[in-house]
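Before any comments, here is the structure.
The values are calculated or read from the model by the stated rules, or taken from the named source; none is laboratory data. Because the structure is predicted, anything quoted here is derived from the model rather than measured. Backbone-built Cβ (ideal geometry, glycine too); neighbour counts: all protein chains shown. Each accessible area value is taken on the protein alone, full model and side chains, heavy atoms only, with ligands, DNA and RNA left out. Shrake-Rupley method; radii C 1.70, N 1.55, O 1.52, S 1.80 Å.
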Amino acid sequence: MGTMLQTIVTVLLLLMLLLIIIFVFFLFKPWRFFFSQRFLSSIKGELERPLVTDEEDANASPLNQINELPRDYDLEGACYPTEAHFRSPRTHGQGLVHKQRVQNLSVPPTIHLAGDALVVDVISDPSSDDVDLGQTLRLSTAQLAQFQKQGTPNFRNDRLQDLVQWNISDQRSCLTLEVISGPSRGLLCSVQSTNSSRLPLTLGRVSPSDLLIKDSEVSGKHAMIKWNLDKMKWELVDMGSLNGTLLNSKPINHPDTESRNWGNPMSLANGDIITLGTTSKVMVHITSQTQHHIPFGVGMASDPMAMRRGGKRFPMEDVCYYQWPLPGLNQFGLFGVCDGHGGDGAAKSASKLFPEVIASILSDSSRRERVLSLGDASDILRDAFSQTEAHMNHHYEGCTATVLLVWTDGEENFFAQCANVGDSTCIMSLNGKQIKMTEDHKITNYSERLRIEETGEPLKEGETRLYGINLARMLGDKFLKQQDTRFSSEPYISDVVHIDQASKAFAILASDGLWDVISVKKAIQLVLQFVFSPAQMKEKCHSERENIAEKAASLLLNEAKTLRTKDNTCVIFLDFDIFNKFSCKVES
């Protein structure tokens, strides 16, 4: 009996102890340490390890550097003169970096939005340190509140005073995101409102985010952008990020950052600035489809390849841009690539100047009519290089320059002529025939060594560089040209290529980052296998032609990545197979 009583007492004590343990367990909620961070992160594919920064480190972040950023990138793929430039492909004659269009704009020449083109700046920040993908740097409440209060109003005002606001009046709208500050500065991402397969667009630190930002203050899944068909607007929503999201310096995340609840959707407009954390800022570019389109497909792609040199970051000095039509010249358009050295200043200036200079030259009706009647623009291109070089004031920076002038005779026929200095190459394929539109001006090239020999100062045996540069022709570098007359800015000018209604033609313009690892023959084969495959030809009949061109540009860029190119790379692809629409009508 005593033993039974003792057993009952023991059981009661154990039950009481168990109840106390359960009470303490729920009181202190130890599971929050697992579910709020590592455990939930593993479930979502997002590993976030909160870190706390010293206030001194937070103050040292590049907040105050924003006002010093160049205001280049403007369109969805266009490039600005003061920055690395990219233009969007097709709306009203603008250039686009991956897949966008631009509408007709009326902008003062000083903005480099002349005519219908916008320029885009692609920049990489070499000073930023790498961070682990699985690591989210969490700011203290005081630091976050201070940053949200301070914001960056001056930056937005300074930046937007040169931008043009577009009204979205068509069902098809194009959105381009450009990272303008932070560790991933220079990244671009574009999408159309009609491309439901790519929407919504996600911004975050880990895959499969559409805009992958390698910033320790950015959450794995930080924010999302969707197209609101009812309102005909792009909308941004914070996805419960740790450090919050600002839209034009105002917080849009849920007030309780601990809850990880999503914020309310906020409408986006062209020129808006999205801030993720404190250092990563994203410029919003929005364009709408208009009545005027580039009559052929245009695609652009670029990558600074910032992790290719032993894991070290280096700046993006390539600039891609285009403008169609040129201001006041509905029959002419310009496409170009500049590869800077010693900095990106010369490349930015050249990409801004070329469209303005060529438009100015062709504004002379007699010279314009001469080009149209003779089908040759050699004099125009030669003068354009001379005037551009004269306007550039870069003594210690230089760049290659490759420009392709395209014009139409008004009867559905096109003409293309190229001019270049340096080693950014343009090739064309016309009915299966390979045409190289440029000439490399490396000192190791035989033709260039002959030109230098004619100056009376031939190169020494085995000499492959002059003053550390492997190019003998470039724009800028005024100091070197004063020291050595063997340097030149005289361009090589190609023959004119005539593209008629029956032609199957395309062109590739790219910096040497592509050609260092891919031969001209291989590039053409890749495009032929992709663009002119039965599947893609069918898609041309049922979707936007620029989609194919953008895919082709991305294909070439990705191939360069796969082959581990070690240089900045930008690609422009032009698909002149414009008459597929007639065959589509016949087939239907």
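Taking the conditions exactly as written (farther than 29 Å from ALA301 by Cα, acidic (Asp, Glu) and not in a loop (DSSP other than H, G, I, E, B)), does GLU457 satisfy them or not? Against the criterion (farther than 29 Å from ALA301 by Cα, acidic (Asp, Glu) and not in a loop (DSSP other than H, G, I, E, B)), GLU457 does not qualify.
For the range 497-514, taking the residues that are open to solvent by 40 Å² or more (accessible area, probe 1.4 Å) and not acidic (Asp, Glu), the one that is modelled with the highest pLDDT is identified as HIS498.
If the condition is being over 11 Å from ARG473 (Cα atoms), touching a residue at least 24 places away in the same chain (Cβ under 8 Å) and aliphatic (A, V, I, L, M), then the range 437-454 contributes only MET437. When PHE332 is tested against (1) open to solvent by 10 Å² or more (accessible area, probe 1.4 Å); (2) touching a Pro at 6+ places or on another chain (Cβ under 8 Å), exactly one condition is not met: (1).
Among the residues making up the range 217-241, those that are part of a loop (DSSP other than H, G, I, E, B) and open to solvent by 10 Å² or more (accessible area, probe 1.4 Å) are GLU217, LYS221, LEU229, ASP230, LYS231, MET232, MET239. Consider the range 282-311 and keep the residues that are of a type in the set (D, E, K, R) and closer than 26 Å to VAL527 by Cβ. The one that is modelled with the highest pLDDT is ASP303. One residue stands out in the range 175-201 among those that are surrounded by fewer than 19 Cβ atoms within 10 Å (Cβ to Cβ) and of a type outside the set (A, V, I, L, M, F, W, C): the one that is modelled with the lowest pLDDT, namely SER197. Within the range 192-213, being part of a loop (DSSP other than H, G, I, E, B) and among the aliphatic types (A, V, I, L, M) holds for LEU199, VAL206, ILE213. The residues of the range 461-508 that are within 19 Å of HIS395 (Cβ to Cβ), in a strand (DSSP E or B) and hydroxyl-bearing (Ser, Thr, Tyr) amount to a single one, SER488. Is it the case that the range 455-468 has a residue that's among the aliphatic types (A, V, I, L, M), free of Cβ contacts under 8 Å to residues at least 60 places away in the same chain and surrounded by fewer than 20 Cβ atoms within 10 Å (Cβ to Cβ)? Looking for residues that are among the aliphatic types (A, V, I, L, M), free of Cβ contacts under 8 Å to residues at least 60 places away in the same chain and surrounded by fewer than 20 Cβ atoms within 10 Å (Cβ to Cβ), one finds at least one in the range 455-468, hence yes.
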